[in-house]
Amino acid sequence: MKKMAQIKLEKNILEANEDIAGKLKEQFKKNKIKVINMISSPGSGKTTILEHSLPKIVQKFNVAVIEGDILTSRDADRIAKLNVPAVQIETGGSCHLDARMVGKALEKLDLSRLDLIIIENVGNLVCPASFDLGEDAKVVVVSIAEGSDKPAKYPEIFNRAKACILNKMDLLPYSNFSRDEFYKDIKHVNPELKVFEVSALKETGLDGWLEWLEGLMADGGQEN
Ligand SMILES: Nc1nc2c(ncn2[C@@H]2O[C@H](COP(=O)(O)OP(=O)(O)OP(=O)(O)O)[C@@H](O)[C@H]2O)c(=O)[nH]1
Ligand SMILES: [Mg+2]
């Protein structure tokens, strides 16, 4: 009986989130803004990827970043150093962002001036996968040191994402990461997923991911 009540509560929470996410989607569409939701385990390199990608796209697009963390504004401070508008959401314990939090963060941005919002979700490979934030695409980041079994063990996020950044490629020679296993599992979980092998720190492989992002920006309709 207790289990049933818990399942119902979770369903209600997700449905309430869907309603708000739908409103965000309309708001983004009205303002012609594309939105990316970046999801990964803590430390796989989301902020570093942004630090090395944003300078390459700010000439083309008006970008803002929403940073989700349990505590601290450290990531937003890192982005603000690039002169890119950054809003920090401190979830105060929650392991994921929800649409209501993003709606609140939007109040701090001038939407009429923006083309692209990148949301860096709270470092977690599980919880953020279920919460729609009104985005056009989820981008999952996984790094070499985490191991090649992640798509098989956390299929939901790999299934829901449109692109995957395989980061810290510079560490490949020092790890037992198996590309064969990784790509075999990706094929099984989401054959459509675009994978970009990147070292954010060494700035290798960024072109492919940035081309994909430009393709998304050029795409007229919201697909999600
Ligand atoms: N070797 C190597 N280290 C990297 C690379 N990208 C990021 N790092 C390092 O990994 C650590 C974590 O990077 P962050 O960018 O803070 O990771 P994050 O995913 O934003 O972390 P959270 O926001 O805490 O979830 C830092 O010490 C980075 O310097 C990379 O391509 N190669
Ligand atoms: Mg970060």
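Values quoted throughout were computed directly from the atomic coordinates according to the rules given, and no laboratory measurement underlies them. All values reported here derive from a predicted model rather than from experimental measurement. FYI the Cβ positions are ideal-geometry reconstructions off the backbone, even for glycines, and counts take in every protein chain you see.
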Most exposed to least, judged by fewest other Cβ atoms within 10 Å, Glu135, Glu26 sort to Glu26, Glu135
Size of electric dipole in the chain: Cβ of Lys, Arg +1 and of Asp, Glu -1, about Cα centre, debye, nearest 20: 320 debye
Label-to-label distance, nm, for residues given as Glu211 and Lys153 (7 Å Cα→Cβ offset): 3.2 nm
Gain in length, Ile13 to Leu201, computed as 0.36 nm per residue apart minus the alpha-carbon separation, to one decimal in nm? 63.9 nm
What does the convex hull of the Cα atoms come to per residue for the chain, in Å³? 129 Å³
Once R0 is set to 30 Å, what does the formula 1/(1 + (r/R0)^6) return for the Cβ-Cβ distance between Asn83 and Gln27, expressed as a FRET efficiency to the nearest 0.05? 0.75
Chain lengthening between Lys3 and Lys60 when straightened (0.36 nm per residue, less Cα-Cα): 15.5 nm
I'd like to compare 44-50, 63-69, 214-220: which one has the highest average count of other Cβ atoms within 10 Å, and what's the full order after that? 63-69, 44-50, 214-220
What ranking of Ser148, Ser73 emerges when the number of other C-beta atoms within 10 Å of each C-beta is taken as an exposure proxy, fewest first? Ser73, Ser148
What share of the DSSP beta bridges in the chain is antiparallel, in percent to the nearest 5? 5 percent
Below 8 Å, C-alpha to C-alpha, sequence gap of six or more: please give me the relative contact order for region 88-224 in percent. 21 percent
